[in-house]
Structures are given as structure tokens and as C-alpha cells.
Amino acid sequence: MAGAISLLGIPHDENSSYLRGAAKAPALIRRELHSDAYSSWSETGFDLTGRFVDHGDIDFAQPGDPWERIESEVGRALDVGHPLISLGGDHAISWPVLRAVRRRHPDLTIVHIDAHPDIYHTYDDNPRSHTSPFARVMEEQLASRLIQIGLRTVNDHHRDQFRRFGVEVVEAARFHEALRLDLKTPVYISMDLDGLDPAFAPGVSHREPGGLSTRQVINLIQSINQTVVAADIVEYNPDQDFSNVTALVAAKLTKEIAGVMLRTSPMAN
Ligand SMILES: [Mn+2]
């Protein structure tokens with residue numbers, strides 16, 4: 001199929017530090033994504049009808065290490081040849097997802113939108129904590145650059161980690177509409193829904209006021225001028241949502257990330 005995007009649900013929230021619920025995200029995001037109530041077009045000018053190749057949800061009921069399952073299932077989906085958007089899970093899943101992506105795209109820049117840096121060296125003695133994926137990602141050198149945007153919970157430990165790993169940070173306090181990322185490699189987008197202000201996306205486990213608007217996040221995504229090879233949309237917690245408004249935001253961001261993938265990626269064609 002010309003111009004296709006792969007989807008993969010990752011219903012996993014066992015490494016959340018506070019509230020569970022993100023495992024329920026994939027089905028609810030898909031429902032809004034495919035709802036007849038909304039346009040099937042991305043703002044970048046692509047009709048997305050029939051363009052999604054959905055690989056379903058990873059089945060974690062099967063025995064085995066969930067991290068190995070995620071890495072192998074993401075790898076299998078990527079090997080179909082289209083850019084991939086993973087739906088759901090807490091932010092911990094980004095580590096095994098990026099292991100699979102990095103193997104296929106050795107020069108990679110991560111554009112990470114979040115209220116939190118998620119770069120704790122340790123948290124609750126769990127190296128897989130959803131507060132730590134980017135410490136593991138940078139230790140394993142799974143990306144050439146990590147750019148974090150929208151942060152508003154930075155502490156001194158985080159600043160030490162930023163220096164240690166050379167993380168580029170645009171805190172929410174420094175975000176502005178004219179921000180343009182100077183990107184030189186293929187891109188991975190890690191989209192934590194709590195990067196948006198809770199007024200726009202209340203359905204998250206850790207609401208942090210002072211965040212970006214839906215419009216600001218969409219504009220930032222649309223400004224990306226390099227190939228977007230894969231993305232995750234994480235931390236949607238249906239238990240915290242009102243009338244599925246945050247699922248709808250997640251679906252909208254899925255469409256706009258897909259729209260940028262179709263505009264930028266030779267893999268999409
Ligand atoms: Mn977060």
C-alpha cells in the first residue's frame with residue numbers, strides 16, 4: 001500500500017510509580033481514531049482512511065519477559081516497512097521500543113514531549129520505572145540526541161543526568177511558538193500526554209499544570225523537517241479522563257504524527 005503507517009498497541013502499565021491505568025489506553029485511542037464523528041484527514045493534507053496497518057495489541061498474558069516481547073513485536077512491525085506509532089502504555093515502554101527502532105535506524109534523534117524528564121537513575125529500586133526510561137536509553141546509546149520539551153518538574157538530580165548524557169532541554173517556561181528544532185537525523189517522537197497542560201489532557205496519571213496547549217504540540221510536531229521513523233503515545237490513563245477527551249487528543253496527535261510521517265518519510269511510500 002502506498003503511504004501506510006503501522007500501529008501497535010502496548011497495553012502495559014506495571015512500571016507506573018503512582019497510578020495504574022495506561023494499559024487500558026490502546027482500545028480507547030483506536031475508538032476515537034476511527035470514529036465517524038471526526039475528520040479522517042491530517043492537517044498536513046493526507047486522508048488517513050485505509051492508511052493504518054494495525055498490528056493489534058501485544059499480548060502480555062503470554063509467558064516471558066515483557067521487555068523482550070515489546071522489542072520483538074516492535075521489530076516485527078517495523079520490518080513490514082512502514083513508520084510505526086505505538087499506542088498506550090506508561091512511559092516505561094519507550095526503552096524496549098527504542099531498542100528495536102535503534103537497530104534499524106542507527107542515527108536517531110528523540111524528540112520527547114513531556115512534563116517530566118523520565119531520566120531518574122533509580123526510582124523505587126526499579127530500573128524499568130516509568131520515571132527512568134531515558135536514563136536507560138542514554139546508557140545504552142539508543143539515540144544520538146535526546147531533546148526534551150515541555151518539562152516543568154526538573155530537580156537537581158535531573159540536571160546532573162542532563163549533563164551526564166548531554167540532553168537538550170526546552171523547559172515549559174522557555175517554550176515559545178517560534179521554537180524550531182535543528183534536526184539532522186531521522187526522528188523518533190516520544191509523546192507523553194502529560195506534556196500537555198491538564199486543561200487539555202486531564203486523563204493522565206500525573207497532572208502537572210503549566211503545560212503546552214494541544215495547538216502548540218501539534219505545531220511543534222508539524223515543524224519537524226526530518227524523516228519520522230517511529231513514535232510512541234504514552235501515559236494516557238482512561239481512569240483519570242472525562243468523557244474520553246484525552247483519548248480524543250491522543251487520536252488527534254496520532255493523526256498529526258502520521259501526517260508528518262507521510263510528508264517526511266520514504267518508508268511511508
Ligand atoms: Mn510525564
Within the chain: Cβ-based charge dipole about Cα centre, in debye rounded to nearest 20 (Lys, Arg +1; Asp, Glu -1): 700
Cβ-defined net charge surrounding Ile10, 9 Å radius [Lys, Arg +1; Asp, Glu -1]: -3
Residue-span extension gain [Ser17 to Arg164] - 0.36 nm each, minus C-alpha spacing: 50.5 nm
Cα gyration tensor shape of the range 5-268, rounded if a/c is under 1.5, else prolate or oblate by comparing a/b with b/c: rounded
Loop trypsin sites (Lys or Arg not before Pro), the range 160-260 (other Cβ atoms within 10 Å of the site Cβ: 12 or fewer; DSSP): Arg180, Lys184
Value of [θ]222 nm, deg cm²/dmol, for the chain, DSSP H segments ≥ 4, -39500 (n - 2.57) each, nearest 500: -9000 deg cm²/dmol
Segment Asp59-Ser213, extension gain: residue separation times 0.36 nm, minus the distance between their alpha carbons: 52.1 nm
The chain, relative contact order in percent, only Cα pairs under 8 angstrom and at least six apart counted: 26
Antiparallel DSSP beta bridges within the range 181-268, as percent of all bridges there, nearest 5: 10
Spin-label model distance (nm) - His176 vs Asp47, 7 Å beyond Cα toward Cβ: 4.1
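We did not get these values from a lab; they are worked out from the coordinates using the rules stated. Since this is a predicted model, take the numbers as computed values, not measurements. Methodologically, a virtual Cβ is constructed for each residue, glycine included, from the backbone with ideal geometry; neighbour enumeration extends over all protein chains shown.
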